[in-house]
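Notes to accompany the following structure.
The values are calculated or read from the model by the stated rules, or taken from the named source; none is laboratory data. On a predicted model such as this, the values are computed, not experimentally measured, just so you know. Cβ: placed from backbone, ideal geometry, glycine included. Neighbour counts: every protein chain shown.
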């Protein structure tokens, strides 16, 4: 595969609902509150941060607001959305996902 074509996407294990024991374990491992759910790294060192919220009930916490503002101030691309379609379209436009990528 040519340089810049290999794309790997990871899910942050800190995301989603959790019980206090798993949250405590993640804190001991160094997890900090407020960081976005997904980090995408594309060609030319393009880094994109994505926070997915629940439809209607998802809200950005104070910690998340501070972290997101910091990431934007550092020049990173950040998206907060409750729409998977919006997320995919934005990632395609940014060149992180290939234009032929589809959600099934």
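Values as computed for the structure displayed
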{"item": "Some residue of segment 77-88 being modelled with pLDDT of 90 or more, in a loop (DSSP other than H, G, I, E, B), surrounded by 11 or more Cβ atoms within 10 Å (Cβ to Cβ) and under 14 Å from the mean Cα position of the chain (by Cα)", "result": "yes"}
{"item": "Of residues in segment 51-60 being assigned to a loop (DSSP other than H, G, I, E, B) and surrounded by 12 or more Cβ atoms within 10 Å (Cβ to Cβ), the one modelled with the lowest pLDDT", "result": "58"}
